[in-house]
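Since the structure comes first, as structure tokens, the remarks are kept for the end.
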Amino acid sequence: MLRAVVCVSGGGTNLQAILDAVKEGRITNTKIEAVISNNAGAYALTRAKENQIPAVLLSPKEYPDRAGYHAAFMEKMRELSPDLIVLAGFLVRIPKEMTTEFEGKIINIHPSLIPSFSGVGYYGLKVHEAVLARGVKVTGATVHFVDAGMDEGPIIAQKAVCVAENDTPESLQRRVMEEAEWILLPQAIDDIANNRLTVRDGYVRKV
Ligand code: GAR
């Protein structure tokens, strides 16, 4: 049984997609051990509680500096000792130490076709604003393993989504979630839980 911890910052629709997929058997062999958020107001924490999953608040604001926050975050993660850490709309950079200690065990969902519109400054709605400003016609989402870089680890899966002429950042965000994110992320977790993925020479292969 894969023991997963999901990290979230906001609404948690990706968390909900994971919980639904577990309930409906589209993710098998997986237990969500805990949900961690940096944001006290994150609706994702309520979703966790509603599903009887321990909801942990670890806010950088409660620590004198980043080092203190990172130390507390690492301590919690070591205590939970998950097989997989899922960054599902987690908008805080994770400690470098975590990428080393949990190498190959962290995945992230990003709302664009990486490497486009990824890296520093590209998160949440900002990604879709940039997509519309550039006038690209196709965008999408990416699930990837997380390494020490920003949106740089091996890519697990991507799905394209068309941009509509009358899209707003909000309408595009919603469509990318519906058509790509909520499908890709549960699929990736199920693939990992059932040993269908392997990373070779920095590339993800299906087994
Ligand atoms: C999602 O669109 C996710 O891809 C994005 O934040 C949103 C969270 O929504 N993540 C990033 O931008 C990470 N760089 P949610 O809380 O409703 O799942």
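Go through the residues of the stretch 69-83 one by one and say whether even a single one is surrounded by 19 or more Cβ atoms within 10 Å (Cβ to Cβ), in contact (Cβ under 8 Å) with a residue 40 or more places away in the chain and more than 15 Å from the ligand (Cβ to nearest atom). Looking for residues that are surrounded by 19 or more Cβ atoms within 10 Å (Cβ to Cβ), in contact (Cβ under 8 Å) with a residue 40 or more places away in the chain and more than 15 Å from the ligand (Cβ to nearest atom), one finds at least one in the stretch 69-83, hence yes. One residue is enough: does the stretch 155-170 have a residue meeting the conditions within 12 Å of the ligand (Cβ to nearest atom) and without any contact (Cβ under 8 Å) to a residue 12 or more places away in the chain? So far as the stretch 155-170 goes, no, none of its residues is within 12 Å of the ligand (Cβ to nearest atom) and without any contact (Cβ under 8 Å) to a residue 12 or more places away in the chain. Among the criteria (1) away from the ligand (no atom under 16 Å from the Cβ); (2) closer than 20 Å to ALA157 by Cα, the one THR13 does not fulfil is (1).
Contact annotation: residue pairs with Cβ atoms under 6 Å, 6 or more positions apart or on different chains, pairing a residue in the stretch 105-124 that is open to solvent by 20 Å² or more (accessible area, probe 1.4 Å) with a partner that is charged (D, E, K, R), are SER118/ASP151. All conditions in (1) touching a Phe, Trp or Tyr at 6+ places or on another chain (Cβ under 7 Å); (2) in a strand (DSSP E or B) hold for ALA72, with the sole exception of (2).
With respect to the conditions (1) among the aliphatic types (A, V, I, L, M); (2) surrounded by fewer than 17 Cβ atoms within 10 Å (Cβ to Cβ); (3) closer than 20 Å to PRO154 by Cα, ILE94 falls short on a single one, namely (2).
Every residue, every condition in (1) within 15 Å of GLU33 (Cα to Cα); (2) within 14 Å of the chain's Cα centre (by Cα); (3) not hydroxyl-bearing (Ser, Thr, Tyr), yes or no:
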residue: GLU50; (1), (2), (3): yes, no, yes
residue: PHE73; (1), (2), (3): no, no, yes
residue: ARG78; (1), (2), (3): yes, no, yes
residue: LEU91; (1), (2), (3): no, yes, yes
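Examine the stretch 197-204 for a residue that is within 15 Å of the ligand (Cβ to nearest atom) and surrounded by 17 or more Cβ atoms within 10 Å (Cβ to Cβ), and state whether such a residue exists. For the stretch 197-204, residues within 15 Å of the ligand (Cβ to nearest atom) and surrounded by 17 or more Cβ atoms within 10 Å (Cβ to Cβ): absent. Among the residues making up the stretch 29-46, those that are assigned to a helix (DSSP H, G or I) and open to solvent by less than 40 Å² (accessible area, probe 1.4 Å) are ALA44, LEU45. When VAL56, VAL35 are checked against the criterion of being more than 16 Å from ALA193 (Cβ to Cβ), modelled with pLDDT of 95 or more and in contact with a Lys or Arg (Cβ under 7 Å, 6 or more places away or on another chain), VAL56 stands alone in meeting it. Residue check: is LEU2 open to solvent by 10 Å² or more (accessible area, probe 1.4 Å) and farther than 19 Å from PRO186 by Cα? Taking the combined requirement at face value, the residue does not satisfy it.
Screening the candidates ALA160, ALA133, ALA180 for the property of being touching a Gly at 6+ places or on another chain (Cβ under 7 Å) and surrounded by fewer than 14 Cβ atoms within 10 Å (Cβ to Cβ) yields one hit, ALA160.
The values are calculated or read from the model by the stated rules, or taken from the named source; none is laboratory data. Since we're looking at a predicted model, the values are computed, not measured. Quick reminder, even Gly has a Cβ in these numbers, built from the backbone with ideal geometry, and neighbours come from all protein chains shown. We work out accessible area using only protein heavy atoms, side chains counted, and drop any ligands, DNA or RNA first. Shrake-Rupley method; radii C 1.70, N 1.55, O 1.52, S 1.80 Å.
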